[in-house]
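Notes for the one structure printed next.
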Amino acid sequence: MFDTDKYLTLLKSERLKRAVKIQSEIIKLSRDFLGSKGFVEILPVVISPITDPLTDHRVRGEIECYGFKYQLTKSMIFHKQISLLSIPKIFSFSPNVRIEPVERQRSGRHLIEFVQLDIEVREAKREEVMKLCEELLIHVFKKIKSEFSDDLEFFGRELKIPHTPFEKISYEEAISAYGQDYEIKLSSDISEPIWLIDFPIDNREFYDREYPDRPGYLVDMDLIYPEGFGEALSGGEREFEYDRIKRRIELKGIELEVYDIYLQFAKKGLYPSAGFGIGIERLTRYICGLKNLEESRLFAKLPGVLGL
Ligand code: ASN
């Protein structure tokens, strides 16, 4: 089942060593950048009674302790919103567990355990966090390009510094230009990252904010990497008012009691906010130009394969 010799070869490979070294620097640079902008790093939450519903992930990583049901974190979205009651600008390197369908094993883009740099800003608009993200990425790309040129050369990677602001395309435009398979087709068609904005309500979770004056559409976004690397991140403005959140949960057909604790916080008052979460392994893959996400971290776990 588990091939230790194969694993040892992987551990000693030059590719893995260099990718992990660059990843360590990506984490350091992101931390420094966000620190310089007044962000506070909060510790990640690994188990909680509430987590992101992510309705395409039907298997829930549940554990029971002391008679209570906890779930493994699929994303820290609700904890981010609740954190803002204490601190106005937060981030966390948050491990997420998502039991992906086995068909995604060979996508090159899915691991069942990954880390996202999850960011949330009190009272922010979507455009502000998009700008923040662009600055963060440019900062990281420039530093890696200048200080790790040997490694990038080893990977045969020509890392381009994109122009800002990144272009935007709406979900509807992407669908009409590329069809249902828009993520990879769009990504293969562009040479700089692009924002994909304004998803329809059915496509996303209940916490992305619906335009007050454009029902059925959300003030949210994905960032798509160029050169076929696919999605980099998701984010948006958030629903924060009790009645609206309640309605959105009901629209998804989720029992209100599943989110009872979150709803109680919403009733007492959450702040408006916006944020996003950027996958660290996917960022490493993009920067190094790696074919598979599996090469982008130690202990990578592919859907349906026994990992370490
Ligand atoms: N972290 C994402 C966000 O902030 C949510 C997710 O990962 N599903 O919107």
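The values are calculated or read from the model by the stated rules, or taken from the named source; none is laboratory data. Just so you know, these numbers come straight off a predicted model, no measurement behind them. Using ideal geometry, Cβ is built from the backbone for each residue, glycine included, and neighbour counts are taken over all protein chains shown. Surface areas here come from the heavy atoms of the whole protein model, side chains and all, with no ligands, DNA or RNA. Shrake-Rupley method; radii C 1.70, N 1.55, O 1.52, S 1.80 Å.
Taking θ as phi - 60° and the Karplus parameters 6.51, -1.76 and 1.60, the scalar couplings of segment 155-160 work out to 7, x, 9, 9, 8, 8 Hz in sequence order, x denoting glycine and proline. Entry note, segment 130-262: relative contact order of 18 percent, from Cα contacts under 8 Å with a spacing of 6+ residues. Among the chymotrypsin sites (Phe, Trp or Tyr not before Pro) within segment 191-300, those in coil by DSSP and having at most 12 neighbouring Cβ atoms inside 10 Å are Phe299.
Given R₀ = 25 Å, what would the calculated FRET efficiency be for Lys131 paired with Leu85, taking r from the Cβ atoms and rounding to 0.05? Efficiency, rounded to the nearest 0.05: 0.55.
With a Förster radius of 41 Å applied to the beta-carbon distance between Met1 and Glu241, the computed FRET efficiency rounds to 0.25. When the accessible area of the chain is computed with all protein chains present and a 1.4 Å probe, what percentage of it is carbon and sulfur? Carbon with sulfur: 52 percent of the solvent-accessible area.
Look at the dipole of segment 66-139 built from charges on Cβ: of Phe91, His139, Val115, the Cα furthest out on the positive end belongs to Val115.
Kirkwood's formula applied to the C-alpha pairs of segment 104-153 gives a hydrodynamic radius of 13.9 angstrom. Normalising the average separation of contacting C-alpha pairs (under 8 angstrom, six or more residues apart) by the number of residues puts the relative contact order of the chain at 22 percent. Under the criterion of Cα pairs below 8 Å and six or more residues apart, the relative contact order for segment 195-243 equals 36 percent. Projecting the Cα atoms of Leu298, Thr284, Phe240 onto the charge dipole of segment 209-308 (Cβ charges, centred on the Cα centre) puts Leu298 farthest toward the positive pole. In sequence order, segment 274-281 has phi-based couplings of 9, x, 7, x, 10, x, 6, 5 Hz under the Karplus curve 6.51 cos²θ - 1.76 cosθ + 1.60, θ = phi - 60°, and Gly or Pro positions carry x.
When +1 charges are put on Lys and Arg Cβ atoms and -1 charges on Asp and Glu Cβ atoms, the dipole computed for segment 155-308 relative to its Cα centre reaches about 480 debye. Calculated accessible area for segment 57-209 comes out at 49 Å² per residue, all protein chains present (probe 1.4 Å; ligands, DNA, RNA ignored). With every protein chain in place and a 1.4 angstrom probe, the accessible-area ranking of Leu16, Leu10, largest first, reads Leu10, Leu16.
Per residue, the accessible area of segment 217-308 comes to 39 Å², computed with a 1.4 Å probe over protein heavy atoms only.
Provide the convex hull volume over Cα atoms per residue for segment 162-238, in Å³. Convex hull volume per residue, Cα atoms: 89 Å³. Scanning the chain for trypsin sites (Lys or Arg not before Pro) in DSSP loops with at most 15 other Cβ atoms within 10 Å, what's the longest stretch left with none? Result for the longest clean stretch: 161-251. About its Cα centre, the chain has a charge dipole of approximately 740 debye under the convention of +1 per Lys or Arg Cβ and -1 per Asp or Glu Cβ, with nothing else charged. Taking a quarter of the surface of the Cα convex hull of the chain gives a mean projected area of 16.6 nm².
Label zone of Val102 (point 7 Å out along Cα→Cβ, amide N under 15 Å): in segment 280-306 this covers 302-306. For the residues Leu270, Leu152, Leu43, a GNM of the chain with alpha-carbon springs under 10 Å puts the largest fluctuation on Leu43.
Amide hydrogen proximity for Ala274: with H placed 1.01 Å from N in the peptide plane, the residues at 5 or more positions away or on another chain lying under 5 Å are Val121, Glu123, Ala124. Within the listed set Ile249, Ile261, Ile112, the Gaussian network model of the chain (springs between alpha-carbon atoms below 10 Å) gives the highest mean-square fluctuation for Ile261. If you sort the three axes of the alpha carbon gyration tensor as a ≥ b ≥ c, you get a/c under 1.5 for segment 78-186, which makes it rounded. Close amide-amide hydrogen proximity is noted between Leu54 and no other residue 5 or more places distant or on a separate chain, at a cut-off under 5 Å (H modeled in the peptide plane; Pro and chain starts excluded). Taken about its Cα centre, segment 156-207 carries a charge dipole of roughly 220 debye when the Cβ of each Lys and Arg holds +1 and the Cβ of each Asp and Glu holds -1.
Taking amide hydrogens as placed 1.01 Å from N in the peptide plane, the amide H of Ala232 sits under 5 Å from those of Leu223, Ile224, Tyr225, each at least 5 positions away in sequence or on another chain. Where both bridge residues fall in the chain, DSSP classifies roughly 85% of the beta bridges as antiparallel.
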